[in-house]
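J.: This is the structure, below, for whatever I ask next.
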Amino acid sequence: MEKLKILVVDDESRMRKLVNDFLSKKNFEVLEAADGIEAVDIFLEHKDISLIILDVMMPRMDGWDTCKEIRSYSKVPIIMLTAKSDERDELLGFGLGVDEYISKPFSPKILVARVEALLRRSGSLSEDSAISMGGIVLDKTAHIVTVDNQVIELSFKEFELLAYFMENKGIALSREKILNNVWNYDYFGDARTIDTHVKKLRSKMGPKGDYIKTIWGMGYKFDIV
């Protein structure tokens with residue numbers, strides 16, 4: 001699968017490098033521009049840019065004019081960065097077609113999370129809908145589980161429980177942690193309900209039910225070894 005391209009536009013080289021480093025770790029391809037004119041040239045040269053991170057205050061062409069120019073060609077998602085936290089700036093940005101607005105200083109991790117969320121909303125970044133291991137395929141979108149190509153009927157909680165186990169393969173999970181993540185924090189019942197669900201789930205999975213291993217005095221671990 002090809003990496004999604006993100007254009008980072010900021011006249012501060014340190015800021016571009018910081019954002020580039022964090023996005024590259026998430027397997028994005030990052031292009032950089034030091035001002036709006038360079039950004040427009042790069043955008044027109046590369047027809048497959050999936051998102052733009054755009055600073056407001058820049059020489060030659062500022063972020064507002066850059067946004068206007070790009071919007072005349074494309075509806076590509078744009079995240080605007082600014083040192084100001086002025087409501088008028090935000091309203092101006094949204095009026096120009098900015099999708100997200102982040103004030104400096106910001107957490108790079110939060111920026112990356114916003115990028116991923118925006119790409120998912122735009123349809124560029126799809127969530128993994130299926131988990132497959134050891135002959136078990138769990139399709140989150142279709143809400144179907146197959147074991148050795150045979151569909152097995154699971155209740156909603158059994159499905160959620162198996163998904164949580166598979167997503168945390170090889171990790172010892174306490175009953176409390178399972179309750180908090182599968183039944184959510186507002187569940188006040190007995191933790192033994194987990195044991196009941198695990199017993200039913202193992203039974204429906206046949207021999208593959210042995211992948212769910214009991215850790216005595218603690219909880220469970222899903223492992224195919």
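J.: Look through Met15, Met58 and report the one residue that is assigned to a loop (DSSP other than H, G, I, E, B), within 13 Å of Leu81 (Cβ to Cβ), out of contact with any His (no Cβ under 6 Å at 6 or more places or on another chain) and modelled with pLDDT of 90 or more.
T.: Result: Met58 is the single residue among Met15, Met58 that is assigned to a loop (DSSP other than H, G, I, E, B), within 13 Å of Leu81 (Cβ to Cβ), out of contact with any His (no Cβ under 6 Å at 6 or more places or on another chain) and modelled with pLDDT of 90 or more.
J.: Which of the residues spanning region 28-55 are closer than 16 Å to Met15 by Cβ, acidic (Asp, Glu) and in a helix (DSSP H, G or I)?
T.: Listed by number, the list holds a single entry, Glu38.
J.: Name the helices (runs of 4 or more DSSP H) wholly within region 94-178 that hold at least 3 residues that are in contact (Cβ under 8 Å) with a residue 40 or more places away in the chain and farther than 30 Å from Ala83 by Cα?
T.: 156-167, 175-178
J.: In this structure, is Asp65 on the phi < 0 side of the Ramachandran plot, part of a helix (DSSP H, G or I) and at pLDDT 90 or above? Give the steps one after another, and end with the answer.
T.: On the way: on the phi < 0 side of the Ramachandran plot: yes; part of a helix (DSSP H, G or I): yes; at pLDDT 90 or above: yes.
Against the criterion (on the phi < 0 side of the Ramachandran plot, part of a helix (DSSP H, G or I) and at pLDDT 90 or above), Asp65 qualifies.
Rundown of residues vs (1) of a type in the set (S, T, N, Q); (2) under 21 Å from the mean Cα position of the chain (by Cα); (3) modelled with pLDDT under 80, yes/no style:
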site	(1), (2), (3)
Leu96	no, no, yes
Pro108	no, yes, no
Val112	no, yes, no
Arg120	no, yes, yes
Gly134	no, no, no
Thr141	yes, yes, yes
Lys157	no, no, no
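J.: Among the residues of region 3-19, count how many are without any contact (Cβ under 8 Å) to a residue 40 or more places away in the chain and surrounded by fewer than 18 Cβ atoms within 10 Å (Cβ to Cβ).
T.: So the count comes out to 4.
The values are calculated or read from the model by the stated rules, or taken from the named source; none is laboratory data. This one's a predicted model, so the numbers in the text were calculated from it and none came from an experiment. We place every Cβ from the backbone using ideal geometry, glycine too, and count neighbours over all the protein chains shown.
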